[in-house]
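Take a look at the structure below.
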Amino acid sequence: MITAMNWFLRRVVVWWVRFRVRPDNAAALLRGRRHPVCYVLEQRSGIDLAVLQQACQELQLPRPAAPLGGGTSGLRSYAFLVRQRGPGGVRRPPPHLAQMIRVLREDPAADFDLVPAAVYWGRAPQRESSWLRLLLDDDWAITSRLRKFLQVIFNGRNTLLELDEPVSLRELLGASLAVATRGRRVVRSLRELYRRRRAARIGPDLSHRRTLVNGVLNTRAVRRAVAQEMRNAQLPRRKALLRARGYALEIAANYSHVFVRFLASVFARLWNRLYDGVEFGNAATLEQVAEGNEIIYVPCHRSHMDYLLLSYAVYVHGFAVAHIAAGVNLDLPVIGRLLRKGGAFFIRRSFRGNALYGAVLTNYLAAIMARGHPIEYFIEGGRSRTGRLLQPKTGMLSMTVRSFLQEPVRPVVFVPVYFGYERLVEGGTYVGELSGRPKEKESVLGLLRSWRVLRERFGKVYVNLGEPIALAQVLDRHNGQWRTQRFGESTPAPWVGGAVEELAGTIMRNINAAAVVTPVNLLALALLAMPRQALPEADLVRQLELYRTLLGQFPYSDRVSVTALSGAQMIDYGIELKMISREVQPLGDIVRMSEASAVLATYFRNNILHLFALPSLLACAFGSNAAIPRADLQRLAGRIYPYVAAELFLRWPESEVAQAVDRALAAMGDLGLLEADPAVQGWRRAPPASAQAMQLSLLAQPTLQTIERYYMAVAQLVSAGSGAISQATLEKRCQLTAQRMTQLYGLNSPEFFDPALFGNFIGLLRRRGVIRASAAGELEFDEVLLRVAQDAQLVLSEQLRHSILQVMHA
């Protein structure tokens, strides 16, 4: 029977409260149940019950106000999970739950379906603009009647009702139906469910920072490291402990739910001013993995905005904000303190040789993992200045894996994240740093100067989630017995290194497999393929449409997002962003990119090079050859693919390259770029005077530049002779040759002569056994390297090869 208070609260809900129900299929889950349904609320709250009753009425579900089981049991259809204390302070199960258990004892055929329900007031921050409403969001604190009243008033329009899947009460009880013992078991199970739900929505209940630091300092590993520091540095115990505490305070975050809610409101305004929208892709991934797992976000690193954007996107979609590993260079006065409250913890770029610091950091990481708080760190270490993914830095990854092995509290899942920008706040500084200008040190003054960017527009920004990676599955492949073994700080486990390397490579490939293709990316890809970065507008429209269609015919991954704009719309969009300009000509308008814009556009082209790498590599082979047998194309792809794959983190293992090559050739044939030629048992390019021949040539250009760099390194080695040059000298010569090539023959693009690209290629040649280092450190090679050089003749024109050799000899 509904009391007068319940009737009044229902009227409040109808008049004032606006809520949404999760999951979306809640009605399908709860209709037509075989057993009577009893809704369970965590806390005694009349207004929460009123929201539940109104939702059930709108969704045509069994009503909480109705008698349970049609009235035959004498029970109501809802219960509060509030326990009572009996004699001696012993906690008893809720009376309503105890009555249901008695019914089951009396009737072996009876059962009840329990439906956990949770109401979150204000857990829709993407719709909030008031800091007061954010401060009144749900958290872990016990809510007073006054606070609940204020929550309803200020956050009642943005309320979330979450209904869980029904669970059988008889199954929860097990074989025994003892009221007290089994009732407490049911309560514990339901409370654990509520705890996981709340942790997934607002983050775990973290203790005070000081308590967390003290816990880290009291771990056995840190105490051993302190004792070692005393011996090594000849310090008294107090000073060694103070040093350890100083490290812990330097590292530790000071996370505040209230501050994060406030920041969500601030950043909503900031993003609306800077960007034309923040798109969060594949958000359903978090629904699948957030509950019950320790989430480690591992994004690529494009900009300082990455820290803020991911936290904002995750928060406004209803999930807990991560603790973010940030470089200690960002621990600036005032700013550092605010970042700590937002979840940042600071680590040094290098702490090799400082065992005490390493022990404190590892155990701090283990502590926040054990508490269930999501963590975020950038696996590349620093921001990419070229638009390509950098080689992964495995330090944090290794600490994460070892911390989990020492204390496997909950399963760990890595969530790769791709950031896609249409303009970069730091774009100008990136070009300067690649050209040799020293990297600017972060400072408060520099931050204040950067506020002038608020006057500019930066297009859209995309945050795409990649395929999650379960750590346990990776560990199983390297050591199937790891669950039964004990791991300590000094436990030898050489197999862990291999697991970390596999994990790092998989993360990088999954980041790239979640790429976003924007109009800016495609405009850069097309115009940078021309020597003067200009094309007739009609030709540019066809090329843009070709790229978009090719991504549909030869899809890289089901997580890749591609712009829906037509070629003409992409051009208009690029003009609006001041990336390109249109020159009116009597024979047809020309679209052009200025040299200043073109240098930075290489960054956005490089963001998506991997998506076109295989078709582009195949297109390269037809630059100097009208027709090529399929066997030669497969051989060429098989020889060059490992090096391109290592540079661009391509998704196909070498065992699948042949099938991928055939699919790419078929897609290029469907688009008219190639046609099957039975005479050579292979493929033939389109006629030279056709539009398709030009499209094929433009498609080849991005990978052609990569192969040019490879040829420079190989040619330098062959020219010097086996055992005559060191790796450092070879890398320097390659960089200077590439720099001179860009100045003489093409766009002066700093990313083309990035020394890291040459270093990675030469390192891969060594790992694959193509070259080796002598005892004196000189590089040696044999006929295997010469065969690689011969393959270049199939791809690079004679004129281009001679140009490279001419610059080398000069």
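Distant-in-sequence amide contacts of residue 324, defined by a placed amide H-H separation under 5 Å and a gap of 5 or more residues or a different chain, comprise 344, 345, 376.
The residue among 146, 722, 796 whose Cα reaches farthest toward the positive pole of the charge dipole of the chain, with charges on the beta-carbon of Lys, Arg, Asp and Glu, is 146.
Dipole check for the chain: with +1 at the C-beta of Lys and Arg, -1 at the C-beta of Asp and Glu, and the Cα centre as origin, the magnitude is about 4360 Debye. Here residue 149 sits with roughly 120 square angstrom of accessible surface, probe radius 1.4 Å. Near residue 412, the amide H atoms lying under 5 Å from its own belong to 294, 471, 472; only residues 5 or more places off or on other chains count, and H is placed 1.01 Å from N. Gain on full extension, evaluated as 0.36 nm per residue between residue 729 and residue 107 minus their Cα-Cα distance, stands at 215.4 nm. Maximal additional length on extending the residue 679-residue 784 stretch stands at 34.7 nm, based on 0.36 nm per residue less the C-alpha distance. Per-atom-type breakdown for the chain gives carbon and sulfur 52% of the accessible area (1.4 Å probe, protein chains only). Amide hydrogen proximity for residue 43: with H placed 1.01 Å from N in the peptide plane, the residues at 5 or more positions away or on another chain lying under 5 Å are 81.
Think of the chain as a dipole: +1 on every Lys or Arg Cβ, -1 on every Asp or Glu Cβ, centred on the Cα centre; then among 745, 309, 95, 95 lies furthest on the positive end.
Across segment 562-568, coupling constants 3J(HN,Hα) worked out from phi with the 6.51/-1.76/1.60 Karplus curve, θ = phi - 60°, read 10, 4, 8, 6, 6, x, 5 Hz, and Gly and Pro carry x.
Judged by the mean number of other Cβ atoms found within 10 Å, the most tightly packed of the peptides 294-303, 562-571, 660-669 leads the ranking 294-303, 660-669, 562-571. The 3J(HN,Hα) values that the Karplus relation (6.51, -1.76, 1.60; θ = phi - 60°) gives for segment 276-283 are, in residue order, 8, x, 10, 9, 10, x, 6, 5 Hz. Gly and Pro appear as x. If you take every residue apart from residue 653 with its C-beta less than 13 Å away from the C-beta of residue 653, what net charge results, scoring Lys and Arg +1 and Asp and Glu -1? Summing Lys and Arg as +1 and Asp and Glu as -1 gives -1.
Charged neighbours of residue 764, selected by a Cβ distance under 15 Å, balance to +3 (K, R count +1; D, E count -1). In this simple spin-label model, placing a label point 7 Å from the Cα along the Cα-to-Cβ direction at both residue 756 and residue 291 gives a separation of 4.0 nm. Along its first, second and third principal axes, ordered by size, segment 463-534 spans 62, 22, 19 Å in Cα coordinates. Treating r as the C-beta distance of residue 581 and residue 237 and R0 as 60 Å, the FRET efficiency rounds to 0.30.
With a Förster radius of 35 Å applied to the C-beta separation of residue 214 and residue 191, the computed FRET efficiency comes to 0.85. Coupling constants for segment 418-425 follow from the phi torsions by the Karplus curve (6.51 cos²θ - 1.76 cosθ + 1.60, θ = phi - 60°), and in residue order they are 10, 9, x, 10, 9, 8, 10, 4 Hz; glycine and proline get x.
With the crude spin-label approximation of a point 7 Å out along Cα→Cβ, what separation in nm comes out for residue 718 versus residue 354? Output for this residue pair reads 4.9 nm.
Per residue, how many Å² of accessible area does the chain show with a 1.4 Å probe? Averaged over the residues of the chain, the accessible area is 44 Å².
Each of 735, 211, 159 was scored by the projection of its Cα onto the charge dipole of the chain, and the greatest displacement toward the positive side belongs to 211; charges sit on the C-beta of Lys, Arg, Asp and Glu.
Counting only protein heavy atoms and using a 1.4 Å probe, the accessible area of residue 148 comes to about 40 Å². Spin-label model, residue 797/residue 493: points 7 Å from Cα along the beta carbon direction are separated by 5.6 nm.
What the Cβ-Cβ distance of residue 328 and residue 43 gives, at R0 = 45 Å and to the nearest 0.05, is a FRET efficiency of 0.60. The stretch between residue 33 and residue 501 holds 163.6 nm of extra length on full extension. This uses 0.36 nm per residue minus the Cα-Cα distance.
Using only Cα atoms, find the angle between the long axis of helix 609-621 and the longest principal axis of the chain, and express it within 0 to 90 degrees, rounded to the nearest 10. With both axes taken from Cα atoms, the answer is about 30 degrees. In a reduced charge model with +1 at each Lys and Arg Cβ and -1 at each Asp and Glu Cβ, segment 296-412 shows a dipole moment near 240 debye about its Cα centre.
The values are calculated or read from the model by the stated rules, or taken from the named source; none is laboratory data. Here the structure is a predicted model, which is why all the values come from computation and not from measurement. Every residue, glycine as well, gets a Cβ built from its backbone with ideal geometry; the counts of neighbours run over all protein chains shown. Heads up: the accessible areas ignore ligands, DNA and RNA and are worked out on the full protein's heavy atoms, side chains in. Shrake-Rupley method; radii C 1.70, N 1.55, O 1.52, S 1.80 Å.
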